[in-house]
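Quick notes on the structure that follows.
The values are calculated or read from the model by the stated rules, or taken from the named source; none is laboratory data. Being a predicted model, the structure only gives us computed values, none of them experimental. Positions of Cβ are generated from backbone atoms using ideal geometry, with glycine treated the same way; all protein chains shown enter the neighbour counts.
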Amino acid sequence: MLGEKLSAGGFGGENTVVIGLLRGGIPVAYEIAAALKSPLDVALVRKIGAPNQEELAIGAIVDGKSPKIYLNESLISRINMPAGYLERIERVKLKEIREREKIYRREGEKIGAFGKTAIIVDDGIATGASVMVVIEAVKEEKPSKIIVAVPVIAADTLKELKNTVDKVVVLSAPEEFYAVGEFYEDFSQTTDHEVAELLQKSRKML
């Protein structure tokens, strides 16, 4: 459905690159890339969880020409943060990202977004920590446009995102939003193997 919406908006082809967020964003991004007949790449991003609450995202880190870190300062100010926690967790997450890159990009290099329309895709957006840091990293590549495409997004986050990118394409933006998983019948975790397989299949389709 997102692919159809984007296609109707005139997006697609070789001058568009679809960028899926790890890992759940890749199955959604794969379908969009197939509908638009555009190349698919992966945003090497990891959430930074709160101490002893890994699911509570206090920020995110993405690798690129220079690693980018996004931190939710208002959330961090309300948490009892041990000294040196952020520095330590950033090192751990960056190491995880670089190990995963060897799996995902073993048969292909990163697809540059310079001068192209970059469509950033996730399976859903709650606080926006991960997508914000990916947007900042993609901006450094100087694309002609940045579009965010997502099936479901929290209404408040949608308002913020609209001021950050050229266009946000969504299917649903409910006011009451607790977790991305509540909007899926099957929200089982996407594996590294599935990500690598979809990236490889997408390369073969072009």
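Overview of results
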quantity: Whichever residue in the stretch 19-57 is of a type in the set (A, V, I, L, M, F, W, C) and out of contact with any strand residue (DSSP E or B) (no Cβ under 7 Å at 6 or more places or on another chain) and, among such residues, is surrounded by the most Cβ atoms within 10 Å (Cβ to Cβ); calculated: A35
quantity: Looking only at the stretch 132-170, and only at residues there that are over 17 Å from the mean Cα position of the chain (by Cα) and not in a loop (DSSP other than H, G, I, E, B), the one that is farthest from Y70 (Cα to Cα); calculated: A155
quantity: Among the candidates V168, V195, V152, residue that is within 15 Å of L21 (Cα to Cα), without any contact (Cβ under 8 Å) to a residue 60 or more places away in the chain, in contact with a helix residue (DSSP H, G or I) (Cβ under 6 Å, 6 or more places away or on another chain) and surrounded by 15 or more Cβ atoms within 10 Å (Cβ to Cβ); calculated: V152
quantity: Helices (runs of 4 or more DSSP H) lying entirely in the stretch 1-94 (those with 3 or more residues that are under 26 Å from K142 (Cβ atoms) and of a type outside the set (A, V, I, L, M, F, W, C)); calculated: 2-8
quantity: Within the stretch 182-193, tally of residues that are more than 16 Å from the chain's Cα centre (by Cα) and assigned to a helix (DSSP H, G or I); calculated: 3
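Residue-wise test of (1) modelled with pLDDT of 85 or more; (2) hydroxyl-bearing (S, T, Y); (3) under 15 Å from K201 (Cβ atoms).
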{"site": "V28", "(1), (2), (3)": "yes, no, yes"}
{"site": "E31", "(1), (2), (3)": "yes, no, yes"}
{"site": "A50", "(1), (2), (3)": "yes, no, no"}
{"site": "G59", "(1), (2), (3)": "yes, no, no"}
{"site": "I69", "(1), (2), (3)": "yes, no, no"}
{"site": "P82", "(1), (2), (3)": "yes, no, no"}
{"site": "E99", "(1), (2), (3)": "no, no, no"}
{"site": "E109", "(1), (2), (3)": "no, no, no"}
